[in-house]
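Novice: My questions all concern the structure below.
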Amino acid sequence: MNTILTTLLLLLLLHTAHRAASTLVTHLRRRRLRRLAGVAPVPHYGSRLTLGIPHTLALIAADRSHRLPQFFAATFTRLGNTWAYAGPQRTCTMTIDPRLVHAVLGARFGDFGVGGFRAAAFAPLLGRGIFCVDGARWEESRALLRPLFKRGAELERLETHVQRLLRRVWAAPRGEAGRVEVEVGEMLLRFTMDAATEWLFGVSEDSLLEAADADVDTFRAAFPYAQDVVTLRAVVGPWMAWLLTGRGHKKFLRACKVCHDKVDGYVDIALERIAAQKHERESEDGDGDGRRGRYNFVDELVKVTQDREVLREQALGILFAARDSTALLLGWTLYELARHPSVFLKARSQVLNLLGSGATARPPRHADLQTLPYLRQILYEVLRLYPPVPLNGRTALRDVVLPCGGGPAGDAPILVCEGDALQYSVFSMHRRKDLYGEDAEAFRPERWGETGMGRGSGGGGYLPFNAGPRVCLGQRKALEEATYVLARLLQEVRGVGTVPGKGHAEGEDMEFKVTLTMSLVGGVWVALEKA
């Protein structure tokens, strides 16, 4: 017995000594690296000895008061464009310096990844989909999905859902001025869910229709709840999120299962359809005409893999991106148009001049989408002020020296140690006055027609769809769909305004609900006059 205890104690001491030696060697190596590279420090949020607890508490308080973007903006104003805080598990460097962001997303892409922290946070909902993996697995996912996004938006199919959206809008109650008063945010989420599920699976969710079954309602409630918890896990870590949610963790896991079961059902339908088509071709001895239904994502994906779990994980990730991003882009656009009537009238005039009005009106075709420049300027400006993913980041896969961010002027190199994070606030970067002018906080689409402006403007500080090898695969499709829907709304709507007493009032500090995306607390209420 004594021999066993002695052996265990010796092993423990050896392990402790090894860890201590490794820590010392790493410390000395990093100190030498800092000296040779001329690394300079960045400001810290609070003391390093507090393990990031004040920062975490401030984050939670800001989130609960629905002012998380404002919290980050104020902190950047106070500490500078790059600062850091030391958390219980890792140090996180925060930045709105485009040079740093592009170094991480581009030139030093191989040195950074989403890391185990994000993977652990997202895994219960998104599994090993493209948003949660690095290295070879990410390359496989990217190669698997890239060919499926070569096609643009399918406008004829989209029009069916636009008609359903319009019917639901015009069925809403009318206000004193005779205009329809409606919260469009939820309707747009249903619209993009219906359009996305039809494109992904060949079967629409049909949530815009009046007769929605209980399973749809369960999924509609489960999906945003799961997103909320995933976001909390990504911000404060899975263990802290578990402590904060308490018994809600079981509810989170149930919500994830509802989402998985729903998507598995769509995947099974697709697999059965592919099997039936294969059987039909074989029974025709190869003499069939090869006809098939309209394009859908999963049917194309099963040509490459029939792994049910892979199909579910990739489809669920794409569904998340397709549903929320496009719906929020359109919702924020209507929010701003309701507050800027001159922009609305200018955009509507351009649409009617091209596509006609009344009995002579026609829906836009693909070629038309490229000849509506003011609509694109509006969408670019909305994406600047309200980026789909307001906060993003990467984890260092090894010790990395980045070219700037340190020192009083932010021009000296900084060191991001292996396992630590570099996060960037797209929301705050898009509102930097030194990049976009003194009116950077204002909604002014015309800035995108000015000399020197473009989607690579702002000193490279325009990242609504990210950048580098992980740039959003669906950005072309998203912009085409948003342009189409906006054009159709401008054809059908004569006037737009705010709804007194509902939603965000002029002059009030905006309240944001930040999950993986960003929406307006209270919804987007608008008053619409039918053309």
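The values are calculated or read from the model by the stated rules, or taken from the named source; none is laboratory data. Bear in mind that the values here come from a model prediction, so they are computed numbers and not experimental data. Every residue, glycine among them, receives a Cβ derived from its backbone with ideal geometry; neighbour counts consider all protein chains shown. Heavy atoms of the whole protein, side chains included, go into the accessibility calculation; ligands, DNA and RNA do not. Shrake-Rupley method; radii C 1.70, N 1.55, O 1.52, S 1.80 Å.
Novice: Would you mind estimating how fast the chain diffuses translationally, via Stokes-Einstein at 37 °C and 0.692 mPa s with the Kirkwood radius over Cα pairs, in µm²/s? Spell out each step's value before the answer.
Specialist: Numbers: Rh = 25.3 Å.
Taking Rh from Cα pairs, D becomes 130 µm²/s.
Novice: Scaled to the compact-protein estimate 2.2 N^0.38 Å, what is the alpha-carbon radius of gyration of segment 364-470, rounded to two decimal places?
Specialist: On the way: Rg = 16.7 Å, N = 107, 2.2 N^0.38 = 13.0 Å.
Output field value: 1.29.
Novice: If DNA, RNA and ligands are ignored and the probe is 1.4 Å, what is the ranking of Tyr45, Tyr424 by accessible area, most exposed first? Before the final figure, lay out each step's value.
Specialist: Working: Tyr45 40, Tyr424 5 Å².
Greatest to least solvent exposure: Tyr45, Tyr424.
Novice: Given a 1.4 Å probe, how much area per residue of segment 342-407 is accessible, in Å²? Please report the intermediate quantities before stating the final value.
Specialist: Details: 2530 Å² over 66 residues.
Heavy-atom SASA per residue in segment 342-407 reads 38 Å².
Novice: Hey, another quick one. Amide H neighbours of Glu418 under 5 Å, counting only residues 5+ apart in sequence or on other chains, H built in-plane at 1.01 Å?
Specialist: Asp399, Val400
Novice: A follow-up question, please. Long-range amide H contacts for Leu391: which residues qualify at under 5 Å (H placed 1.01 Å from N, peptide plane, sequence gap of 5 or more or a different chain)?
Specialist: Close amide H contacts, sequence-distant or interchain: Val426.
Novice: Which of Gly175, Trp199, Phe131 sits farthest toward the positive end of the charge dipole of segment 115-215, with +1 on the Cβ of Lys and Arg and -1 on the Cβ of Asp and Glu?
Specialist: Final value for the positive-end residue is Phe131.
Novice: Continuing with this model, one more query. Keeping to pairs on different chains or 8 or more places apart, tell me how many lysine pairs in the chain have Cα atoms under 18 Å apart.
Specialist: Working: Lys150/Lys303; Lys150/Lys477; Lys251/Lys262; Lys278/Lys303; Lys346/Lys530; Lys502/Lys513.
Pairs that pass both the separation and distance tests number 6.
Novice: Then there is this: Output the peptides 340-352, 2-14 sorted from most to least packed, where packing is the average of other Cβ atoms within 10 Å over each peptide's residues. Can you show the working numbers first?
Specialist: Numbers: 340-352: 16.9, 2-14: 9.2.
Per-residue Cβ counts within 10 Å, averaged per peptide and sorted highest first, yield 340-352, 2-14.
Novice: Under a point-charge model restricted to the Cβ atoms of Lys and Arg (+1) and Asp and Glu (-1), what is the dipole moment magnitude of the chain relative to its Cα centre, in debye to the nearest 20?
Specialist: Computed about the Cα centre, the dipole is about 1720 debye.
Novice: For the chain, with the dipole built from +1 on Lys and Arg beta-carbon atoms and -1 on Asp and Glu ones, taken about the Cα centre, which of Ala58, His15, Tyr436 lies farthest toward the positive end?
Specialist: Checking the options against the dipole of the chain, the answer is His15.
Novice: Also: I want the antiparallel fraction of DSSP beta bridges within the chain, as a percent rounded to 5.
Specialist: Values: 28 of 33 bridges.
If I count the DSSP bridges inside the chain, around 85 percent turn out antiparallel.
Novice: Let me ask you something else. How large is the helix-only mean residue ellipticity at 222 nm for the chain, computed as the sum of -39500 (n - 2.57) over DSSP H runs with n ≥ 4, divided by its residue count, in deg cm²/dmol to the nearest 500?
Specialist: Values: 19 runs with 284 residues, N = 531.
Result for the chain: -17500 deg cm²/dmol, rounded to the nearest 500.
Novice: Something else about it: As a test of reading the structure, rank Asp324, Asp134 by solvent-accessible area (1.4 Å probe, protein chains only), most first. Mind dumping the intermediate values first?
Specialist: On the way: Asp324 10, Asp134 45 Å².
The residues order as Asp134, Asp324, largest area first.
Novice: Out of the total accessible area of the chain (probe 1.4 Å, heavy atoms of protein only), what percent is carbon and sulfur?
Specialist: Numbers: 13940 of 24670 Å².
Reported share for carbon and sulfur atoms: 56 percent.
Novice: Could you work out the relative contact order of segment 1-102? I mean the mean sequence separation of Cα pairs under 8 Å and 6+ apart, divided by the number of residues, in percent. Write out the running numbers ahead of the final one.
Specialist: Working: 62 pairs, mean separation 23.5, N = 102.
With pairs under 8 Å counted, the relative contact order is 23 percent.
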